[in-house]
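Below is one structure, written out as structure tokens; comments come after it.
The values are calculated or read from the model by the stated rules, or taken from the named source; none is laboratory data. Given the structure is predicted, the values throughout are model-derived calculations rather than measurements. Positions of Cβ are backbone-derived with ideal geometry, glycine not excepted, and every protein chain shown enters the neighbour counts. Surface areas here come from the heavy atoms of the whole protein model, side chains and all, with no ligands, DNA or RNA. Shrake-Rupley method; radii C 1.70, N 1.55, O 1.52, S 1.80 Å.
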Amino acid sequence: MIEANGAEIVVRLLERFGVSFAAGIPGGSILPVYDALVTAGVSLRHILVRQEQAAGFFAQGIARSTGRPGVCFATSGPGAMNLLTAVADARADSVPLLVITGQVNTECIGTDAFQEVDTFGLSFPITKHSVMVKSAAELPETLAAAFALAQAGRPGPVLVDIPRNVQLEKASFSSWPDPAQYAGRFSGSRSSAAETVRTLAQAVTLLSSASRPVVFSGGGCNSPEASAALLRLLEVFPAPVVSTLMGLGSVPAGHPLFLGMVGMHGTQTANRAVHGSDVLLAVGARFDDRATGEIRSFCPSAKIIQIDIDAAEIDKLLPSALSVVSPAAPALSALAEQLAGCRGTRARRLWIETVQQNRETEQSRSCSAVNAFLASVPAAAARAGVDPQDIIVTTDVGQHQMWAAQSWPVSAPRRFLTSGSLGTMGFGLPAAMGAAAVHPEKRVLCFSGDGSIQMNVQELATLAENDFSVTVFVLDNGTLGMIRQQQDFSFGGRHSACVFSRPPDLLRVAAAYGIPAVEAGAPGWENAAFQGRGPRFVRLRVDPSADVLPYVVPGDANINSRTRPPEFR
């Protein structure tokens, strides 16, 4: 028999699950778990962040770059509440997390005890599943099931709330559980094998007869397995392919059929191709508003073939002609196998040539100075001795996020990590640290803005303390740039609460945390930014009036994307 208290069960199980890092901040209601990190003899490394939200984003950096659940801790009350933004972000972007929170003693629940909040109730709408554990004996099965559930089917965060007295309570059990034993319980509803075969056969007929097909790749394709299956499909059935923000990397940026990102800041070529398509193969994409614009104008003449792991997403926003509830990889592999003998038509070849010419024309136009700088960073890294293929990128949220999405040549899945659906400022730095922790052989670049970086600027202390190989690029324009741009385009240039009247000197801020800091373009900046191990900080001055273009005004059709600022400017 195995005997341990609840806290020891937690940390020993995490180690058995293969968890090497967990982030958090201790507090009274979770102190037994922190004590077990010392006494239980585990190799699990704890990262002490400076605010709980950063713990959740650190765990996301691990999960988004590996596909395995990231783990974070928080105490009860304010600790758990600080963590919830990162939990909601993970739910919105289908990121697997195991979130472990401490709770007040069971006899104090409901008494307004010190640092008591209803973590279970608060978290329920923003998690894949939440549970409060009532006894130490429940912990082995509960944690194994939670770890399996987080990554099964459509991934997401699972929260386990553990009262302090349960962490101290002893339990006996015969063997340690294995999450693999629980995985089959949580696969969710899927199309039957017969139904899948029948639907894919119909999809082959529809695609074969299409004159203007487009493949629409979403976050469900952003894994090595799904990406490989998608690339195989494009080999046997050449067709233009576009992606959502979350799908960047599912097809290499330099692929001859890749037209770029769709949506508010997508390429005009991608937006127009979708608008003109007659068949749209949507794989792992949710048709969210930032990707579709005014949704009735998104693909007005196209028959939609929708493949998604989540049955709730099928026909949710646009009706499909055919649909399959399935993970992307097996469905795409089966579709590619059936399309292997399909002959290309002249109309389809002309369609591909047309959109490729449009893409080349669009790319040949002069881009902004910011786009040009970001596009030059891989070469700068190479000159400093860093292989661009060994770089992972994270971003915060704002103009810098869209400039990076437009300009960074994402070559593989899980290399471009960003907060998509929730759009959370402050995501980039802690997510970069999480990615760097589990990929010590790589350099991680965090693209941020002078607004976003200050959302979690205290995590520069965590970065310096752990010596993670992260280079933070801050695009500094003295404004909340995306807010300023939207006020220019939609509110007549009336700027409200978007300009920093007393901006900090961010190079000196980074230096105060002990991080080498340099101005982009200064002599030797490339070597300072990339050579060696450990953290670096780079500031790029940006014109406050610079816009991210193309731009679709919220509520407008993607086909109406704008390439110039408003006339009054």
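Which of the residues that make up the range 324-333 are surrounded by fewer than 21 Cβ atoms within 10 Å (Cβ to Cβ) and either among the charged types (D, E, K, R) or over 23 Å from the mean Cα position of the chain (by Cα) (or both)?
S333, the sole residue that qualifies.
Conditions (1) modelled with pLDDT of 95 or more; (2) in contact with a helix residue (DSSP H, G or I) (Cβ under 7 Å, 6 or more places away or on another chain); (3) surrounded by fewer than 24 Cβ atoms within 10 Å (Cβ to Cβ); (4) outside any loop (DSSP other than H, G, I, E, B), marked per residue:
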{"site": "S366", "(1), (2), (3), (4)": "no, no, yes, no"}
{"site": "A382", "(1), (2), (3), (4)": "yes, yes, yes, yes"}
{"site": "M402", "(1), (2), (3), (4)": "yes, no, no, yes"}
{"site": "G423", "(1), (2), (3), (4)": "yes, no, yes, no"}
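Looking only at the range 204-226, which residues are open to solvent by less than 10 Å² (accessible area, probe 1.4 Å) and either under 16 Å from L339 (Cα atoms) or not in a strand (DSSP E or B) (or both)? Working first, answer last.
Restricting attention to the range 204-226, the residues satisfying the condition of being open to solvent by less than 10 Å² (accessible area, probe 1.4 Å) are 207, 210, 213-218, 221, 226.
Answer for the range 204-226, where residues must be open to solvent by less than 10 Å² (accessible area, probe 1.4 Å) and either under 16 Å from L339 (Cα atoms) or not in a strand (DSSP E or B) (or both): L207, A210, P213, V214, V215, G218, C221, A226.
Those residues that are basic (K, R) and within 31 Å of the chain's Cα centre (by Cα), I need them from the range 187-206; list them, please.
R190
Out of all the residues in the range 483-528, which are assigned to a helix (DSSP H, G or I) and either closer than 19 Å to N466 by Cβ or touching a His at 6+ places or on another chain (Cβ under 9 Å) (or both)?
Matches in the range 483-528: I483, R484, Q487, D488, V509, A510, A511, A512.
In the range 63-181, which strands (runs of 3 or more DSSP E) lie fully inside it and hold 1 or more residues that are touching a strand residue (DSSP E or B) at 6+ places or on another chain (Cβ under 9 Å) and buried (at least 22 other Cβ atoms within 10 Å of the Cβ)?
70-74, 97-103, 129-132, 157-163
Among the residues of the range 1-18 satisfying the criterion of being in contact (Cβ under 8 Å) with a residue 60 or more places away in the chain and either open to solvent by 10 Å² or more (accessible area, probe 1.4 Å) or assigned to a loop (DSSP other than H, G, I, E, B) (or both), which is farthest from Q458 (Cα to Cα)?
Looking at residues that are in contact (Cβ under 8 Å) with a residue 60 or more places away in the chain and either open to solvent by 10 Å² or more (accessible area, probe 1.4 Å) or assigned to a loop (DSSP other than H, G, I, E, B) (or both), I get M1.
For S43, work out the one condition from (1) of a type in the set (S, T, Y); (2) open to solvent by 20 Å² or more (accessible area, probe 1.4 Å); (3) assigned to a helix (DSSP H, G or I) it doesn't fulfil.
Result: S43 passes all but (3).
Within the range 353-387, take every residue that is among the β-branched types (V, I, T) and in contact with a strand residue (DSSP E or B) (Cβ under 9 Å, 6 or more places away or on another chain) and give me the one that is nearest to D476 (Cα to Cα). If you could, list the steps in order and put the result at the bottom.
To start, the set of residues in the range 353-387 that are among the β-branched types (V, I, T) comprises 354-355, 361, 370, 377, 386.
Among the residues that remain, those that are also in contact with a strand residue (DSSP E or B) (Cβ under 9 Å, 6 or more places away or on another chain) are: 355, 370, 377, 386.
Values: V355: 35, V370: 11, V377: 17, V386: 25 Å.
By that ranking, first place goes to V370.
Kindly establish whether T75 is under 23 Å from E465 (Cα atoms) and among the β-branched types (V, I, T). Don't jump to the end; show me each part of the working.
Numbers: under 23 Å from E465 (Cα atoms): yes; among the β-branched types (V, I, T): yes.
Against the criterion (under 23 Å from E465 (Cα atoms) and among the β-branched types (V, I, T)), T75 qualifies.
Inspect all residues belonging to the range 550-563 and state whether any of them is open to solvent by less than 50 Å² (accessible area, probe 1.4 Å), without any contact (Cβ under 8 Å) to a residue 12 or more places away in the chain, out of contact with any Leu (no Cβ under 8 Å at 6 or more places or on another chain) and assigned to a loop (DSSP other than H, G, I, E, B).
Initial filter on the range 550-563 (open to solvent by less than 50 Å² (accessible area, probe 1.4 Å)): 550-553, 556-558, 561.
Remaining after also requiring without any contact (Cβ under 8 Å) to a residue 12 or more places away in the chain: none.
No, the range 550-563 contains no residue that is open to solvent by less than 50 Å² (accessible area, probe 1.4 Å), without any contact (Cβ under 8 Å) to a residue 12 or more places away in the chain, out of contact with any Leu (no Cβ under 8 Å at 6 or more places or on another chain) and assigned to a loop (DSSP other than H, G, I, E, B).
Hey, any hits in the range 214-237 for a residue that's under 23 Å from A375 (Cα atoms) and without any contact (Cβ under 8 Å) to a residue 60 or more places away in the chain?
Within the range 214-237, not a single residue is under 23 Å from A375 (Cα atoms) and without any contact (Cβ under 8 Å) to a residue 60 or more places away in the chain.
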